[in-house]
Amino acid sequence: MFSKKLKNNTKNQFGSDQLQPELMPKHIAIIMDGNGRWAQKRHLPRVAGHKQGMEVVETITKAASDLGVKVLTLYAFSTENWKRPAGEVNYLMDLPVTFFNRFVPELIKHDVRVNVIGDTSKLPQKTQTAVNNAIEQTKDCQGMVLNFALNYGSRTEIVGAVQTIAQDVATGKVDPAQIDEQLFSSYLMTDSLQPNGDPDLLIRTSGEQRLSNFLLWQIAYSELVFTDVYWPDYQPQNLVDDILAFQQRDRRFGGIQVKEGENKNK
Ligand code: FPP
């Protein structure tokens, strides 16, 4: 389990000794963007960017786990990504198969548990099998949760939650007066990540500054960090830098910061 001390290998490797362990984000969510542009810059096919992106998933997972992050959510395939050319979609559907085949033993070594949000029933059978096997093989791991968003869309998630709540009201399981933020959250796909269902820090790589239908409810109070680095170039050092940026933010959750000895009613 994560103690107040960062694990030594990460501390020494990435100069992360500037990080304040007590301010470590518990849940980091990443929009891994820029794979296509990374490949284009090198005159390579777009899928070469996704391949390198998969390698980076491995390094960043290990680094986040070493840093004591509790949940790492990675946006791997959105409900909108089906609009891409069939060849690219097929490649993206093969990536989890390659990744888990190769990396599950490492995940277990790092005590990392795999979780998935999104409608996996629409994924090809081979992808579903790879995902389900990884979930099953890592189910007893107690460390970080590596949460892949696969065929995930926040609006679909919210509409699904509303439908289920409506059904539960119709059958008398839920009284409309009971519906509050906490109950609503419990109908979202991130409920399985509680008490860390909401990201503290959302990172988007590649210089784009938008949310692209990712965790819209859950990021109500997240700190947002947009970095110009393309995902295939993203290094543990970039993660440390983005966490440092997070640690310099003044998180007030809508309140005001009260300095010691000061009266907030003043
Ligand atoms: C966005 O970049 C990236 C994606 C749609 C796919 C992200 C997937 C990975 C990084 C690999 C995932 C690995 C596993 C193990 C599931 P883009 O293609 O939109 O880049 P661009 O904006 O430069 O075109």
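The values are calculated or read from the model by the stated rules, or taken from the named source; none is laboratory data. What you see is a predicted model, and the numbers here were worked out from it, not measured in a lab. So basically every Cβ, Gly included, is an ideal-geometry build from the backbone, and we count neighbours across all protein chains shown. Side chains included, ligands, DNA and RNA excluded: accessible areas come from the protein's heavy atoms. Shrake-Rupley method; radii C 1.70, N 1.55, O 1.52, S 1.80 Å.
Set side by side, the residues 222, 212 differ, and just one is surrounded by fewer than 18 Cβ atoms within 10 Å (Cβ to Cβ) and touching an Asp or Glu at 6+ places or on another chain (Cβ under 9 Å), which is 212.
Here is the figure for segment 199-247: residues that are among the aliphatic types (A, V, I, L, M) and assigned to a loop (DSSP other than H, G, I, E, B) total 6.
A quick yes/no check of all residues on (1) within 13 Å of the ligand (Cβ to nearest atom); (2) open to solvent by less than 60 Å² (accessible area, probe 1.4 Å); (3) of a type in the set (D, E, K, R); (4) more than 16 Å from the chain's Cα centre (by Cα):
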| site | (1), (2), (3), (4) |
| --- | --- |
| 100 | yes, yes, no, yes |
| 110 | no, yes, no, yes |
| 130 | yes, yes, no, yes |
| 139 | no, no, yes, yes |
| 147 | yes, yes, no, no |
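Look at segment 162-189: where a residue is surrounded by 14 or more Cβ atoms within 10 Å (Cβ to Cβ) and a partner is among the charged types (D, E, K, R), sitting 6+ places away or on another chain with Cβ atoms under 7 Å, you get 174/168; 185/191; 188/157; 189/157.
Restricting to segment 217-234, what's the tally of residues that are out of contact with any helix residue (DSSP H, G or I) (no Cβ under 7 Å at 6 or more places or on another chain) and within 14 Å of the ligand (Cβ to nearest atom)?
First pass over segment 217-234, keeping only residues out of contact with any helix residue (DSSP H, G or I) (no Cβ under 7 Å at 6 or more places or on another chain): 219-222, 224, 226, 228.
Checking which are within 14 Å of the ligand (Cβ to nearest atom) leaves us with 226, 228.
Of the residues in that region, 2 qualify.
Being under 21 Å from the mean Cα position of the chain (by Cα) and more than 20 Å from residue 142 (Cα to Cα) narrows it down to one residue among 78, 65; which is it? After ruling out the rest, the residue left standing is 78. Residues in segment 16-38 that are free of Cβ contacts under 8 Å to residues at least 40 places away in the same chain and either near the ligand (Cβ under 9 Å from one of its atoms) or within 18 Å of residue 229 (Cβ to Cβ) (or both): 36 only.
Would you say residue 84 is within 9 Å of the ligand (Cβ to nearest atom), surrounded by fewer than 22 Cβ atoms within 10 Å (Cβ to Cβ) and of a type in the set (D, E, K, R)? Taking the combined requirement at face value, the residue satisfies it. With respect to the stated conditions, residue 108 is in a helix (DSSP H, G or I) and touching a Cys at 6+ places or on another chain (Cβ under 7 Å).
Pairs linking a residue in segment 43-71 that is of a type in the set (S, T, N, Q) to a residue that is away from the ligand (no atom under 14 Å from the Cβ) and open to solvent by less than 20 Å² (accessible area, probe 1.4 Å), with Cβ atoms under 8 Å and 6 or more positions apart or on different chains, are 59/236; 61/144; 65/144.
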